[in-house]
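The values are calculated or read from the model by the stated rules, or taken from the named source; none is laboratory data. Just so it is clear, the structure is predicted and the values come from calculations on it, not from any experiment. Here the Cβ positions follow ideal geometry from the backbone for every residue, glycine too, while neighbour counts run over all protein chains shown. SASA here: full protein model, heavy atoms, side chains in, ligands and nucleic acids out. Shrake-Rupley method; radii C 1.70, N 1.55, O 1.52, S 1.80 Å.
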Amino acid sequence: MSNSVLICLFCVLGGSMLAQWTAWRFRLPAIVLLFSLGLIYGPVLEIMHPSVMIGSAFHPLVSLAVALIVFEGGLVLDFRQLKEAGEGVIRLTLVALPINLMLGSIAAHYIGGMGWGPAFLFGSIIVVTGPTVVLPLLRHAKLHPKVAAFLRWEAIVNDPVGAILATLVLEVLLMRPGEGSGTFFGFILPHMLASAGLTIALGIGAAMGVRWLLVRDLMPEVLKSSILITIALVLFALGTLTMDGAGLIASTTFGMALVNLRIPGMAEIQRMKESLVVMIVSVLFVLLTADLQRNELSNLSWSIGALTLAVLFLVRPLGIFLATMGSSLSWAERIFVGWIAPRGIVAAAVAGIAGMRLQEAGYPGAGLVMPAVFAVIASTMILHGFSLRPLGRKLKLTLSDEPALAIVGANDWSTGLAIAVHQAGVPVVLVDNSRHDLRRAERAGVSVLRAEVLSEEGAESLEERPGDYLIATTPDAIYNGLVCAHLSPHFGRQRVYQVSPGVARLDLYRGLSRDARGKVMGEPSWNFTLLDTLVREGWQFQCVNVTPENQDSLLHESSNLLAFLVLQKGVSMTIVSAEDEALSRPEGGQCVIALVPPVQDELEERAP
């Protein structure tokens, strides 16, 4: 292996993962950092040209990677989401697409200066909002589930549809002289419909075959992920053989069918694939951006800049407005969806190949397709990446940005804890399956959720509430551990806690495995029985404000109170745990949620 390839691997893999971590740490849109990194490697420093280094296999490898991305995207397209968001999804995928095609084509002709052929090709390419961009943005945006479903379904469904639409437009434009409507209606259109129908049937059939194997225990656990990935890639190859773009439909349909057939164990496979896709998306964005050359960027002009502005501020908003007229979508939802439409990898790949073929056919303005699409991709990634969360907050379409707490299990002491956190002004939700046990917290103004969190409905309902940390507080230590293990992929392994199961059950070798439970809240000796007894004896949860007089003693072992949380409203939340490093002393402006003995209450009442 040559040194240049090794340097490329080091720069792309190391740089992309560093960009992802930086984006997570500082709450930045990762796509923007990856895009910038690719520009630095390619057009700016010219230290790599991936298509030259990898050779003729570059574009096929990109296509296979995109197939895996849309397959993983299909795994999150649960039809139950359509109960609430179905009307908006249908409007965005069926109605808005042809409207945006026409508006984009008109703008490319009259504003971008392209001939009608390249203009229609440009319009067919920009209707695609790529899952490679949308899904990473949604992971960190904390949007309301309904709005997130709009963008998710549009990106994943329109991605293969847009690729086929661009292929259809290209085939029509490249028809030889003398081939008219007879060729289109007699061959091209039937071929497209037959290919799409065949690939959909292949995707559904493959998913049913996988279900048949799994329920009969004919597929070992160790091979599940490998087999599913292989099937997705094989379906993509078969679909692409019938027609360009049809392979993406096959992979997407396969993923959608798997998740909607309710196959046991798919959640674990989906989480593994999500991690794989994060790496694939990161690498692809760096490689594709680095593959841009300076001479391609030199084709950018004022007319392309004007066309980009028209797409951003006229074509997409007007298309969404027309497509959603008379719908139940609120004005806030229509404004948000009309603005957020980042384009991604599929648009770039299609533009590069299709624009070149039109240029070879002698269409005037065909050379403008690639730089124009690139300008739209770059602008939407940067502007939409940075504006998604602020605009969502402004339109009240996001969950709370404040650190929030979910408590699973309503009883005397956990209800008191929830009320104290609520009175401190911090978002908290108390979850239990018993309406009676939730009544006291509900009367105190605490947000409550009556659900079984280990059910699909309960987990989905909990994810719709603002929540960054979780504490399981039921009397059953095994159930608490199961809740923490089940929900740790959503909250994060280091953000799920449970009441101590007892000192003996925390033994590293003979006790409950750390992978099968959450972190211990407080000290190992603070088990459910102790806390329940203390509350019955008159101890109460209180929010103790940190002052210069008490900040050194509040978290000290000699203190006569039991500290559980350190809060700073709107800024931070720390759950005290013996399994974490020792906390530094709290600072002024923070408060400590602690279980306070009745004697201290009486002393405070006597104080002048």
### Query
Counting DSSP beta bridges in the stretch 405-602, what percent are antiparallel, to the nearest 5?
45
#### Entry: Order by protection proxy (mean Cβ within 10 Å, highest first), peptides 315-324, 23-32
315-324, 23-32
### Query
Relative to the Cα centre, what is the charge dipole magnitude of the stretch 405-602, using +1 at the beta carbon of each Lys and Arg, -1 at the beta carbon of each Asp and Glu, and rounding to the nearest 20 debye?
180
### Summary
The summed charge of the residue 437 Cβ neighbourhood (under 12 Å; Lys/Arg +1, Asp/Glu -1) stands at +1
### Query
Using a 1.4 angstrom probe with every protein chain in place, what is the largest-first accessible-area order of 231, 54?
54, 231
### Task
Report, in debye and to the nearest 20, how large the dipole of the chain comes out about its Cα centre when Lys and Arg carry +1 and Asp and Glu carry -1 on their Cβ.
1260
### Task
Convert 37 °C to kelvin, take the viscosity as 0.692 mPa s, use the Kirkwood radius over C-alpha pairs of the stretch 29-115 as Rh, and evaluate the Stokes-Einstein diffusion coefficient in µm²/s, rounded to a whole number.
190
### Query
At 222 nm, what helix-only mean residue ellipticity would the chain give, in deg cm²/dmol to the nearest 500, using -39500 (n - 2.57) for each DSSP H run of four or more?
-18500 deg cm²/dmol
## Note on the structure
Residues whose modelled amide H sits under 5 Å from the amide H of residue 541, counting only those 5 or more places away in sequence or on another chain, are 596
### Task
Step through the table entries 146/569; 146/224; 146/394; 273/394, compare each Cα-Cα distance with 22 Å, and write down the pairs that go over it.
146/569; 146/224; 273/394
### Task
Considering only protein heavy atoms, with the full assembly of protein chains and a 1.4 angstrom probe, order 497, 363, 469, 110 by accessible area, largest first.
110, 363, 469, 497
### Query
Tell me, what is a quarter of the convex hull surface for the C-alpha atoms of the stretch 57-163, in nm² with one decimal?
7.9
### Message
Quick check for you: with a 1.4 Å probe and neighbouring chains kept, what is the accessible area per residue of the stretch 405-602, in Å²?
### Response
48
### Message
Considering only protein heavy atoms and a probe of 1.4 Å, how much of the accessible area of the chain is carbon and sulfur, as a whole percent?
### Response
62
### Task
Taking the Cα centre of the stretch 431-525 as origin, work out the dipole magnitude from +1 charges on Lys and Arg Cβ and -1 charges on Asp and Glu Cβ, in debye rounded to 20.
360
### Query
So what are the radius of gyration and Dmax for the Cα set of the chain, in Å?
27.8, 100
### Task
Determine the principal axes of the Cα atoms in the stretch 1-64, then give the extent along each, sorted from largest to smallest and rounded to whole angstroms.
37, 25, 21
### Query
Under the definition of Cα pairs under 8 Å and six or more residues apart, what whole-number percent is the relative contact order of the chain?
15
### Message
To check my understanding: the extent here is largest minus smallest coordinate of the Cα atoms along each principal axis. What are those three numbers for the stretch 405-602, in Å, largest first?
### Response
48, 43, 33
